[in-house]
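Values quoted throughout were computed directly from the atomic coordinates according to the rules given, and no laboratory measurement underlies them. Note that the coordinates shown come from a computational prediction; the quantities given were computed from them, not determined experimentally. Note that each Cβ is placed from the backbone with ideal geometry, even for glycine, and that neighbours are counted across all protein chains shown.
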Amino acid sequence: MPLTDNFGRSIHDLRISITDRCNYKCVYCRTGTNGAAYAELPFEDYLRMARILVGLGITKIRLTGGEPLLRKGIVEFVRDLARLRTAAGKKPEIALTTNGHLLAEIAQPLKDAGLDRVTVSMDAVDAERFARITRVPNGYESVLAGVRASRQAGLDPVKINCVLLRGFNEDQIANFGKFAREERVVVRFIEFMPLEEDRVWTPEIVVTLDEIVSRMAEYLPLEEIAHERSETARRYRFSDGVGEIGIIAPVSHPFCGHCSRIRITSDGKLRTCLFSVWDHDLHELMRRGATDEKLIEFIVKVVEKKEERHHIGEPGFVPASRTMVHIGG
Ligand code: SAM
């Protein structure tokens, strides 16, 4: 019985936030004063949720946060997730989104435990700018070491996610193009969404897909690559065939119509959209002793009501009930 919502979208992509603590205070994400806001669960609770959801058709699990590498025991958790089997008898694809600060040491053990892919967030490719954005000194070298260790461990292709903010880091676009080619990674630019703690978002701050493509073309021309419908990123390769970039454009080119995702927050709530104005307390049901059958019934009902789309930039837009760091990006 695969999970499907009332708009006919099949749901096969799960993101689990395993903590909302973070060791970075990126200026566009956090206020710099707030810390964790929500509880985190023992891994066995996330594992039970994941097992049930894989039984309902989830084929891809991404671990995120907060900063997921702050959780001790993540390697064992990945090993346990890798033992789950989809309806087709396959191991679910397991991915990680991280700021990369603690990645160098743990990339190989994660790969050995069954991690398939890693996405590292980087919003600048020079050390000084990187420190200004993350508000942590000397992070750049650690993250670069994490990216390289991931490639060495065979977590290929390593993806780099970069959020661009006008007047802040859009001058890094060509540098990121160079970085993608030199480090053999896929750089993906993400349009800034109104999910920050500080509520600084305006449409003018967003650096849009069209602008990114034309600025990158000033460095080197790009050719678009065909992409899967459910893929969030539009993909481009440089015209000489070396290097790939992607652009995730939820603001200027929304892809809600083929969204295949649901999320579990660090405190065990089910969220059906980044922009949900409420979430659904799966963990509370578990805590009260619900059987797997009851949990399945709950999940199926919640997923059916997944929001049709987000309303970014529209009059009357209602901000999400949690910000990015507390949902899990
Ligand atoms: N700490 C991990 C990391 O840095 O990748 C995982 C969590 S972080 C919230 C996940 C991603 O969300 C990062 O790439 C971050 O840049 C992105 N992000 C945070 N706030 C955002 C916003 N308002 N709009 C778009 N992306 C955002």
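Of everything in the stretch 113-136, what is more than 15 Å from the ligand (Cβ to nearest atom), more than 16 Å from L63 (Cα to Cα) and of a type in the set (D, E)? Give them in sequence order.
D126, E128
Tell me the strands (runs of 3 or more DSSP E) entirely within the stretch 214-329 that contain at least 3 residues that are within 16 Å of the ligand (Cβ to nearest atom) and touching an Asp or Glu at 6+ places or on another chain (Cβ under 9 Å). Write out each step before concluding.
Numbers: elements: 222-225, 233-238, 244-248, 261-264, 269-271.
Per the criteria, 244-248.
Taking R62, is it free of Cβ contacts under 8 Å to residues at least 60 places away in the same chain, under 16 Å from the mean Cα position of the chain (by Cα) and outside any loop (DSSP other than H, G, I, E, B)? Please lay out each step first, then the result.
On the way: free of Cβ contacts under 8 Å to residues at least 60 places away in the same chain: yes; under 16 Å from the mean Cα position of the chain (by Cα): yes; outside any loop (DSSP other than H, G, I, E, B): yes.
When the stated conditions are applied, R62 passes them.
Do you know which of the residues in the stretch 1-34 that are surrounded by fewer than 21 Cβ atoms within 10 Å (Cβ to Cβ) and of a type in the set (A, V, I, L, M) is farthest from H283 (Cα to Cα)?
Restricting to residues being surrounded by fewer than 21 Cβ atoms within 10 Å (Cβ to Cβ) and of a type in the set (A, V, I, L, M), the top hit is V27.
Tell me whether the stretch 54-62 contains one or more residues that are surrounded by fewer than 16 Cβ atoms within 10 Å (Cβ to Cβ), more than 15 Å from the ligand (Cβ to nearest atom) and closer than 30 Å to L164 by Cα.
No, every residue in the stretch 54-62 fails to be surrounded by fewer than 16 Cβ atoms within 10 Å (Cβ to Cβ), more than 15 Å from the ligand (Cβ to nearest atom) and closer than 30 Å to L164 by Cα.
Within the stretch 172-186, does at least one residue satisfy the condition of being surrounded by 15 or more Cβ atoms within 10 Å (Cβ to Cβ) and within 26 Å of I11 (Cα to Cα)?
yes
Determine which member of the set L222, L285 is surrounded by 19 or more Cβ atoms within 10 Å (Cβ to Cβ), free of Cβ contacts under 8 Å to residues at least 24 places away in the same chain and of a type in the set (A, V, I, L, M, F, W, C).
Details: L285 fails: surrounded by 19 or more Cβ atoms within 10 Å (Cβ to Cβ).
Answer to the check: L222.
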